[in-house]
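**Q** Would you mind keeping the following structure in view while I ask a few things?
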Amino acid sequence: MPQNKLPNTEVEQNFHSHVIQWSDLHVSRLWDYYSKNKSYDHQYFSFQAGAHVLDYVRSHIDLDRQIHILDYGCGPGFLIQSLISRLKKGQICYGLDFSKDSVSAVERRFKDHPRYGGSHHVETLPSPYRDESMEVIFVLDVIEHLNDAYLTEMILESRRLLKPGGYVVVTTRNHEDLEAEKTMCPECGCIFHRWQHMRIWTPKSLPDAFSAHGFKTRHIHATNFSIPYQRLLKILFLFKGFPLKRSNLIYVGQKEAI
């Protein structure tokens, strides 16, 4: 018998079909793995569409007037890279993430850049950033990963960090089919969403979540921030009469000045 072949009986004893109950440790393990595996870089939304989101947001926020900008859930730093290339002298961007390996990767890439102010790895909130220290907070494709408690913490933390009149910019999937992205571990039987998504968002539920905690909705829109060749395909589909799926939501909320 080959050394790497297990008897079927032993495999069956270890197998139990079950839906994952996401813990902080599970989440950290998954995203530490993704951050270390370069073959997954192109799967990050901020890698695919971060620059397009910034271009879109400029029609709703004068980013040139914003001094301190935070990437909440920065991952390996793809949005920070796009921000740095667009920021002017005197503007600074920062990062925050719950994956230690992701923050380490960001620090290695940008620590010497004059428009990078540093990133924090956090396990719990509040973060080390001061109250009302940011003008804009980007939360790109983060909120679909959060349970109820962490969602509330994230919104309250964004409100704490923003100056009066500051903006939070949020993207997420629009009416996502969670079942379509689930997979199963053939060794243990664990069923899980491959990107750790936990909830579905709509053009109504997204602004409602933030308005419940004192944000004024400035913009909510269903659109598509897909990568260029996908957008080209969708244009061709439209040409042939196929409907364009608006797979992304973008929300701009404002912390009203007192």
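**Q** Would you confirm whether any residue within segment 113-123 is surrounded by fewer than 15 Cβ atoms within 10 Å (Cβ to Cβ), closer than 24 Å to Leu25 by Cβ, at pLDDT below 95 and in contact with an Asp or Glu (Cβ under 8 Å, 6 or more places away or on another chain)?
**A** Yes, the conditions are met somewhere in segment 113-123.
**Q** What number of residues in segment 176-197 are aliphatic (A, V, I, L, M) and in contact (Cβ under 8 Å) with a residue 60 or more places away in the chain?
**A** 2
**Q** Only one of (1) modelled with pLDDT of 85 or more; (2) more than 25 Å from Asp112 (Cα to Cα) fails for Gly75. Which number is that?
**A** (2)
**Q** Pick out the one residue from Val19, Val57 that is among the β-branched types (Val, Ile, Thr), over 24 Å from Arg86 (Cβ atoms) and at pLDDT 90 or above.
**A** Unique residue meeting the criteria: Val19.
**Q** Another question, if that's okay. Of the residues Arg115, Arg65, Arg58, which single one is under 20 Å from Phe45 (Cα atoms) and among the basic types (Lys, Arg)?
**A** So the residue among Arg115, Arg65, Arg58 that is under 20 Å from Phe45 (Cα atoms) and among the basic types (Lys, Arg) is Arg58.
**Q** Additional query: Restricting to segment 55-79, count the residues that are within 14 Å of the chain's Cα centre (by Cα) and in a helix (DSSP H, G or I).
**A** Matching residues across segment 55-79 total 2.
**Q** Additional query: Name the single residue that is farthest from the chain's Cα centre (by Cα) among those in segment 81-110 being of a type in the set (Gly, Ala, Ser) and not in a helix (DSSP H, G or I).
**A** Only one residue tops the list, namely Gly90.
**Q** Among the numbered criteria (1) in contact with a Lys or Arg (Cβ under 9 Å, 6 or more places away or on another chain); (2) at pLDDT 95 or above, which single criterion is violated by Val106?
**A** All conditions pass for Val106, except number (1).
**Q** So, one more: State whether the residues of segment 198-218 include one that is under 17 Å from Gly73 (Cα atoms), in contact with an Asp or Glu (Cβ under 9 Å, 6 or more places away or on another chain), touching a residue at least 12 places away in the same chain (Cβ under 8 Å) and not charged (D, E, K, R).
**A** Checked segment 198-218: at least one residue is under 17 Å from Gly73 (Cα atoms), in contact with an Asp or Glu (Cβ under 9 Å, 6 or more places away or on another chain), touching a residue at least 12 places away in the same chain (Cβ under 8 Å) and not charged (D, E, K, R).
**Q** Here are Thr171, Thr152: which of them is hydroxyl-bearing (Ser, Thr, Tyr), in contact with a His (Cβ under 9 Å, 6 or more places away or on another chain) and at pLDDT 95 or above?
**A** Thr152
**Q** Continuing with the same structure: For segment 152-220, which strands (runs of 3 or more DSSP E) that fit wholly inside it have 2 or more residues that are of a type in the set (Lys, Arg)?
**A** Qualifying strands (runs of 3 or more DSSP E): 162-173.
**Q** Then there is this: Would you tally the residues in segment 124-138 being surrounded by fewer than 20 Cβ atoms within 10 Å (Cβ to Cβ), within 13 Å of Asp71 (Cβ to Cβ) and among the β-branched types (Val, Ile, Thr)?
**A** Matching residues across segment 124-138 total 0.
**Q** Follow-up question, since we're still on this one. Can you tell me which of Gly241, Gly214, Gly253 is within 18 Å of Tyr56 (Cα to Cα) and either modelled with pLDDT under 95 or not hydroxyl-bearing (Ser, Thr, Tyr) (or both)?
**A** Testing whether each residue is within 18 Å of Tyr56 (Cα to Cα) and either modelled with pLDDT under 95 or not hydroxyl-bearing (Ser, Thr, Tyr) (or both) leaves just Gly253.
**Q** Mind checking which residues of segment 111-143 are β-branched (Val, Ile, Thr) and either in a loop (DSSP other than H, G, I, E, B) or without any contact (Cβ under 8 Å) to a residue 24 or more places away in the chain (or both)?
**A** Val122, Thr124, Val142
**Q** Find all pairs meeting these conditions: Cβ atoms under 6 angstrom apart; at least six residues apart or on different chains; first residue within segment 38-60 and more than 18 Å from Gln196 (Cα to Cα); second residue small (Gly, Ala, Ser).
**A** Gly50/Ser82; Ala51/Ser82; Leu54/Ser82
**Q** Then there is this: Tell me the residue from Asp41, Asp32 that is more than 18 Å from Ser127 (Cβ to Cβ), touching an Asp or Glu at 6+ places or on another chain (Cβ under 9 Å) and modelled with pLDDT under 90, please.
**A** Asp32
The values are calculated or read from the model by the stated rules, or taken from the named source; none is laboratory data. Source: prediction; values computed, not measured. Cβ: placed from backbone, ideal geometry, glycine included. Neighbour counts: every protein chain shown.
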